[in-house]
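These notes concern the structure reproduced below.
The values are calculated or read from the model by the stated rules, or taken from the named source; none is laboratory data. Here the structure is a predicted model, which is why all the values come from computation and not from measurement. Heads up, the Cβs are rebuilt from the backbone with ideal geometry, glycines too, and the neighbour counts pull from every protein chain shown.
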Amino acid sequence: MRILIIEDEIKLANAVKRALELQKYAVDAIYDGEKGYDLASTENYDLIILDVMLPHMNGLEICTQLRKHTIDTPILMLTARGQVSDKTITLDAGADDYMVKPFAFEELFSRIRALLRRSNKNNGPALLVKELSLDPSSFKVKRGEQQLTLSSKEFSILEFLMRNKNKVVSKEQIVNHVWNYDADILPSTVEVHIKNLRGKVDKPFKEHLIQTVRGFGYEISDQK
């Protein structure tokens, strides 16, 4: 899952980025409103954490413009003021939720999980492909009764494949959803991670779920 932080308090933005990366999210942090809007409107994110007070373009403007251009990425707005009127303004601008600074990381994680559950077509607690299950909230992966131990990137790739089950996803799509915007990733890097993932998810079992579609990418399916 890929998250964009638009926050001009650099220490706060970087602290949130590090905390979310420990939660296995791919995170980009931008400290300027205009640059943040450019990324939010052109890149594919699963969630945006957006500060209200930003240089060059404030959070309310960013939120309003994104919704005007039918970009429905969930937005969690950060505000330094907790008055009812301040909260209603953020929601009326198109935000899905808000938090008042300062906040506890545990509450932030909980709100992010709730927004991602609401925005995803699969609203269940776990993603399922046949006997393979992945729980995004607990980061647990099981095949049948066997618990699987995955690296952070392997988990994120598998989650992306399972959220797009029965669809072919390209290496470029995987990079865009699993790595940060400024990461210099080669296609061969994806191949290595897929190979390692197969060694844990498929190799010990009779049926192989992750398929290579030559010339296009990868697919995980429950229809075969």
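Residues are listed down the side, and each one gets a yes or a no for (1) acidic (Asp, Glu); (2) more than 22 Å from Ile49 (Cα to Cα); (3) at pLDDT below 90; (4) more than 17 Å from the chain's Cα centre (by Cα):
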residue	(1), (2), (3), (4)
Ala104	no, no, no, yes
Pro125	no, yes, yes, no
Lys130	no, yes, no, yes
Leu134	no, yes, no, no
Phe139	no, no, yes, no
Arg143	no, yes, no, yes
Leu150	no, yes, no, yes
Leu161	no, yes, no, no
Taking interchain pairs and intrachain pairs at least six residues apart, which have beta carbon atoms under 9 angstrom, with the first residue in the stretch 32-51 and farther than 20 Å from Phe160 by Cα and the second of a type in the set (Ser, Thr, Tyr) and in a loop (DSSP other than H, G, I, E, B)? Leu39/Tyr45; Leu39/Tyr181
Looking only at the stretch 69-119, count how many residues are of a type outside the set (A, V, I, L, M) and closer than 18 Å to Pro136 by Cβ. 14
Verdict on Glu61 being under 18 Å from Leu115 (Cβ atoms) and over 15 Å from the mean Cα position of the chain (by Cα): no
Across the stretch 28-64, what is the number of residues that are surrounded by fewer than 17 Cβ atoms within 10 Å (Cβ to Cβ) and of a type in the set (Gly, Ala, Ser)? 1
Picked from the stretch 59-84 (must be in a loop (DSSP other than H, G, I, E, B) and aliphatic (A, V, I, L, M)), the residue nearest to Ala40 (Cα to Cα) is Ile71
Please specify each residue of the stretch 198-216 satisfying the condition of being of a type in the set (D, E, K, R) and over 24 Å from the mean Cα position of the chain (by Cα). Asp202, Lys203, Lys206, Glu207, Arg214
Give me the residue from the stretch 65-88 that is crowded, with 18+ Cβ neighbours inside 10 Å, hydrophobic (A, V, I, L, M, F, W, C) and out of contact with any Phe, Trp or Tyr (no Cβ under 6 Å at 6 or more places or on another chain) and, out of that set, nearest to Leu54 (Cα to Cα). Leu78
